[in-house]
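To start, the structure under review is shown below, and the notes come after it.
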Amino acid sequence: MRLRAAVAAVALMVAAGGPEAAGPDWAKPLLEKPVPAGGYIAESDAWVSLRTEIELGISPQGGLVRTFREVLAPTGTKSKSLTVALQYDAAVQDLVEPAVWVPGAFGYRQVKMKKASVDLPGLEAGTLGSGRNLFITTKEIEPGEKAILTWQVSDKRPFPGEDVIWPFGLYPTSELVVHAGTGGAAGEPEILYVEPGAATARVVEGDLRLESLPAYRHVYSAEDPWLAAPLTALPHVVARVTPPGDRGWETVSTRVAELFSGSLAGDAGRAWVKTAKDLTAGAETPAAKTAAFAAFVQSLTYRNIEWGMGAFRPETPSESLRTGSADCKGKALLLQALLSEIGVESVPVLCRIGPNYEEPPSVPTVLAFNHVVLAIRDPSAAGKPAALTEGPGKGWVLFDPTDPAATLGLPPRNLEGTPALWGAPQGGGLFTIHTAEPGAQLVRATLQEELAEEGQASFRLRVEGPSRMATALGSGKLHEADSDALRGRMQQVLATVSPGLTLEKLDYSPPDHLDARAAVVEMQGKIPSPLQPLGGDLFTLASPTALLSLVLDVSQLAGKAPSTDAKDTIETKPEWKAGRCCQVSSIGFEATARLSLPEEWRIQAGPAMADLDAPWLRSRVASSPDWSFLAEIPRGRFEPGSDVKRRKDLEKVAALFRQPFLLEKGASR
């Protein structure tokens with residue numbers, strides 16, 4: 001599904017300008033205002049918007065029109081050049097290129113724009129037609145002066161007929177005004193204002209005026225795993241031009257289904273028919289055929305498509321087969337087409353991945369989703385962990401063909417409890433994903449390490465489940481690459497935590513969809529000098545926990561701490577800043593280290609920590625007969641202010657895996 005990320009950029013640089021003027025009439029009152037100051041402006045903010053106005057309308061073709069007007073001023077006491085990024089998608093939108101006025105000797109003068117080349121080898125700016133960001137850079141503007149900007153973005157067609165508009169931009173804003181235009185033959189769009197956590201949106205009549213808005217980077221960071229997603233965490237505006245009767249979830253569901261069915265119906269090549277026959281040669285049961293289809297589609301290279309109509313409508317199955325790649329929509333549609341050849345019914349399901357633990361969106365919109373999985377009707381699904389327990393697809397098995405570590409029959413990880421959209425032609429609307437067993441990222445790692453008399457060690461490491469390592473090996477058929485080169489690359493990774501390690505064997509078993517077994521990675525190798533002397537007969541052995549920490553990705557548990565840089569400190573309204581509230585991923589760990597030592601050696605102490613039993617983390621460590629660690633990090637919301645304690649507990653786990661074993665030589669058993 002559509003993600004708001006730029007895939008190319010066109011720079012618009014100021015060139016020679018026209019005659020001096022006073023600037024546009026609407027900006028004149030703002031030019032006399034002083035540069036704003038307030039707690040919402042950080043020391044690191046180089047610019048501030050005195051006023052940003054967004055006027056919304058409807059084009060004669062029925063598309064949404066956005067007209068922007070903005071006056072900005074540099075902060076501080078130094079002159080600064082201004083860079084502004086303007087998002088638009090040239091494949092489905094028209095742009096009235098920005099007009100910029102900057103101070104001149106006798107007033108404000110409008111500067112012309114000229115295109116510069118894109119910093120991509122072999123490409124010219126004019127050849128790129130999709131997913132652009134336009135960057136405007138002005139000359140240096142003195143403190144107290146202003147820059148004036150206007151631009152317009154218009155959708156070329158009515159679909160999707162809606163947009164999510166964030167009040168927060170690249171720079172802090174003293175005043176933001178959003179309103180509908182004066183109307184016309186095409187009418188006016190509906191504007192809705194959604195407050196954080198609101199179950200319903202407020203219809204805006206007249207002007208929506210917001211004040212003292214900090215820059216976006218100060219209110220939300222997608223890298224923080226404990227933030228609610230923006231559609232719940234931050235106020236935003238939804239504009240839509242769809243007719244009043246077409247604004248419910250049922251209609252959104254039907255429109256999405258039409259995109260999928262239309263793409264399938266328009267596939268004249270029908271290349272999937274032959275592929276289905278080839279994949280099922282020798283398979284006798286529907287279950288075996290379904291497993292073969294799932295493995296094949298899962299093996300295709302993931303290719304993100306997030307611009308133009310491709311952000312919403314999947315590529316045809318024939319195109320996915322031709323390129324050997326697809327995005328989530330394309331993979332879901334290809335698997336759906338293959339299943340149709342054996343009479344198995346399936347339905348695309350729109351959902352959210354990422355920081356997605358949130359309530360259902362307040363406004364029915366396809367923009368609330370960023371991922372697609374597939375629900376498969378399986379008469380034998382009763383009791384399967386991945387079977388939906390409620391909603392329009394109750395009893396159907398949910399499968400994510402985009403996830404290289406997903407297993408058919410096991411629930412997709414991290415979708416439990418999330419709102420989703422049923423994409424059947426007859427509709428079905430919004431529902432909440434619940435499977436017979438809640439999906440979790442459960443990873444089991446078992447390490448066997450044998451210490452030789454000479455001080456060397458050999459090891460065997462088995463990792464089962466959707467680990468980061470299994471995901472990497474399964475993605476893009478990496479495990480089918482040259483085995484020696486792949487082993488060498490993996491050896492480099494392992495050697496970062498255990499210097500000198502040599503990897504002698506690396507085996508990857510992809511998910512077994514017929515028997516519902518998760519992916520397995522097995523490694524075997526040697527460590528030349530794993531022991532570190534402490535003095536006398538005492539030594540430390542750090543390699544077991546270091547290797548387990550790496551394959552379990554323990555170091556990433558606590559996430560990044562919020563910035564404490566004084567230059568990024570702001571004081572603003574609570575609703576202007578996303579709160580830290582959620583654990584968005586359900587994670588389970590089972591780690592075991594089995595050490596085999598020479599006769600005269602013994603373990604004096606192993607890594608240890610007190611048991612934890614908190615709402616956000618339950619864990620325990622055992623040392624007999626083998627050293628083992630069990631942990632469960634549930635997905636959910638926790639009481640406000642608990643994030644500091646949660647981080648400390650997670651850091652305790654990370655610290656546990658930095659502890660070595662303490663060994664003693666010469667001790668009697």
Inset, instruction - Please work out if Glu571 is in contact with a Gly (Cβ under 8 Å, 6 or more places away or on another chain), within 30 Å of Gln448 (Cβ to Cβ), at pLDDT below 95 and not basic (Lys, Arg). - result: no
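Residue-wise test of (1) surrounded by fewer than 18 Cβ atoms within 10 Å (Cβ to Cβ); (2) among the aliphatic types (A, V, I, L, M); (3) closer than 24 Å to Trp576 by Cα; (4) touching a Leu at 6+ places or on another chain (Cβ under 9 Å).
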residue	(1), (2), (3), (4)
Arg209	yes, no, yes, yes
Leu213	no, yes, yes, yes
His218	no, no, yes, no
Leu227	no, yes, yes, no
Pro230	no, no, yes, no
Ala233	no, yes, yes, yes
Val241	no, yes, no, yes
Val252	no, yes, no, yes
Arg255	no, no, no, no
Legend entry - Sole exception among (1) over 28 Å from the mean Cα position of the chain (by Cα); (2) open to solvent by less than 50 Å² (accessible area, probe 1.4 Å) for Gln426, by number: (2)
Inset, instruction - Just give me the residues in segment 336-354 being open to solvent by 40 Å² or more (accessible area, probe 1.4 Å), of a type outside the set (Gly, Ala, Ser) and farther than 21 Å from Phe431 by Cβ, in sequence order. - result: Glu341, Ile342
Legend entry - Search result, residues across segment 274-291 that are open to solvent by 30 Å² or more (accessible area, probe 1.4 Å) and outside any loop (DSSP other than H, G, I, E, B): Lys274, Lys277, Asp278, Leu279, Pro286, Ala287, Lys289
Legend entry - Filter result for the condition that a residue is under 30 Å from Glu315 (Cβ atoms), open to solvent by 50 Å² or more (accessible area, probe 1.4 Å) and either modelled with pLDDT of 90 or more or in contact with a Phe, Trp or Tyr (Cβ under 8 Å, 6 or more places away or on another chain) (or both), over Val96, Val7, Val65: Val7
Inset, instruction - Tell me which residues, restricted to segment 532-563, are outside any helix (DSSP H, G or I), under 23 Å from Gly588 (Cβ atoms) and either of a type in the set (Asp, Glu) or at pLDDT 95 or above (or both). - result: Asp553
Inset, instruction - Return the residue satisfying two criteria in turn: it lies in segment 454-493 and is touching a strand residue (DSSP E or B) at 6+ places or on another chain (Cβ under 6 Å) and assigned to a helix (DSSP H, G or I), and of such residues it is modelled with the highest pLDDT. - result: Gln491
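The values are calculated or read from the model by the stated rules, or taken from the named source; none is laboratory data. Treat the numbers as computed from the prediction; the structure is a model and nothing was measured. Note: ideal-geometry Cβ built from the backbone for every residue, glycine included; neighbour counts use all protein chains shown. We work out accessible area using only protein heavy atoms, side chains counted, and drop any ligands, DNA or RNA first. Shrake-Rupley method; radii C 1.70, N 1.55, O 1.52, S 1.80 Å.
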